[in-house]
Amino acid sequence: MIKKKIGILMLFVLFLSVGAKAQLATSMRINEVLVINESNFVDDYGQRNGWIELYNGSAGTVNIAGCFLTNDKNNPKKYSIPKGDVLTKIRPGQHVIFWADNLPDRGTFHVNFKLDPYSDNYIALYDADGRTLIDEITVASGQLADVSYGRKIDGQAEWTQLTKVTPSTNNLTLDSNEKIDNFKNNDSLGVGMTITAMAVTFLGLFLLYFIFKQVGKVSIAASKRNAKRAKAASAPVGSIAKEDELGEEAGEIFAAIATALYEVTEDVHDVENTVLTIQKVTRNYSPWSSKLYGLREIPKK
C-alpha cells in the first residue's frame, strides 16, 4: 500500500515538473527573421520594417515578459520586453512578432534596434536574468527584399530562405494536395471518379432496397402470427378448425355476400313509374268551401 502511494506521488511530481518546464521561457525559439521589408507585412502603425518572429514550441503558455532581445553579443539586455502586457503570454504552438524599427515608444513589440541589410545580423533571446541564453541566430548579409530567413519547420533546427514569408503563422505551408495532384495525373478527365461514385451510389441504393424489403416481409409475417394467436386465444375450440379450412377464401365470400345485400336494399325503388305512393293529408278545413278565399277584405272585429 505504501509503495503504491509512493508511486502515485512520484508520478504526480513528474507531471508537475513537466508542466513547470513547459511554462519556462527557455522553450521559446527565434523562428523567422525578415531583414528587408519593402512590400511585405506592415505594423500597427502602417509602417514596413524588419521583424523577428518568436515561436512557443512547448505544451504550455509561456510569458516572455522580462526577457531580453538583442542584436549585440556584448549587450544581452539591450531590449527588455515590458511586463504587464497580456499579449506577452504566448500560447502553445503560437507565434509573436517584434518589429526591429528602433522605436520602442510605439509599444511592447517594437524593439530599440534595427536590422542592417548590408551586414550580418546577430539576434539573440535571453531569459529574464539577462545571462541565460535561450536562442540565437546570425542572419547572413545579402538577404533579398521580402524574403525571410526562418526555420523550415517551426521550432526545428534546419533554417532556410522562405520566399513565402509567414509572419505569425507556420513556416511550412502546403500549397498543394498530394492526393489531388495524384488524381489529376491518373484521371484528368474524371471518368474513374464518375464510375466509382455511381457504383457506390447504386450499390447503396440496392442494399437499402434489399434491407427494407426484408424488414417489410418480417414485419408482415410477425403481424399475421400475432393476429392468428389473438384469434386462437379468443375463439371457441370448434371454430378454429373451420376457420383454418376456409382460409383466405372466407373473407372473399363474406365480402361478396355483403355487396349483394347492399345492392338489393339500395335498388328497391330504382324504377319509380311502377311505384304508387298514397298518403292521406289531414286538413282542418276544405279549401273549396272556405269563405276565406271569397272575401275581398277581412272583416274587422
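Just so you know, all these numbers are worked out from the coordinates, no wet-lab data involved. Worth saying up front: this structure is predicted, and the values here are computed from it rather than measured. Don't worry about glycine lacking a Cβ; one is built from the backbone with ideal geometry, like all the others, and counts go over all protein chains shown.
Take the Cβ-Cβ distance between A199 and V86 as r, set R0 to 35 Å, and report the resulting FRET efficiency rounded to the nearest 0.05. Please report the intermediate quantities before stating the final value.
Values: r = 56 Å, r/R0 = 1.61.
Efficiency for this residue pair is about 0.05.
Assuming R0 = 22 Å, what is the FRET efficiency of N75 and A140, from their Cβ-Cβ distance, to the nearest 0.05? The partial results should precede the final answer.
Values: r = 21 Å, r/R0 = 0.97.
About 0.55, to the nearest 0.05.
Which of T201, N226, V191 sits closest to the plus end of the dipole of the stretch 171-230, meaning its Cα is farthest towards the positive end, when Lys and Arg get +1 and Asp and Glu get -1 on the C-beta?
Selected residue: N226.
What FRET efficiency would be calculated for the residue pair N182, S219, taking the C-beta separation as r and a Förster radius of 45 Å, to the nearest 0.05? Each step should come with its number before you reach the end.
Working: r = 47 Å, r/R0 = 1.05.
The calculated FRET efficiency here is 0.45.
Cα centroids of the stretch 64-89 and the stretch 101-163: how far apart, whole angstrom?
What the calculation gives is 13 Å, centre to centre.
Using 0.36 nm times the number of residues separating L189 and L261, minus their current alpha carbon distance, what extension gain do you get? Provide the component values of the computation, followed by the final result.
Numbers: separation 72, 0.36 × 72 = 25.92 nm, distance 7.16 nm.
Stretched fully, the L189-L261 segment lengthens by 18.8 nm.
So who's got an amide H within less than 5 Å of the one on D135, skipping anything under 5 residues away but keeping other chains? H placed 1.01 Å off N, in plane.
Residues meeting the criterion, in which the H sits 1.01 Å from N, are L125.
Looking at this model, which pairs from K83/K152; K114/K164; K83/K164; K73/K164; K77/K114; K83/K114 are more than 26 angstrom apart at the alpha-carbon? Could the numbers behind the result be given before it?
Working: K83/K152 31 Å; K114/K164 22 Å; K83/K164 33 Å; K73/K164 30 Å; K77/K114 15 Å; K83/K114 22 Å.
Flagged as over cut-off: K83/K152; K83/K164; K73/K164.
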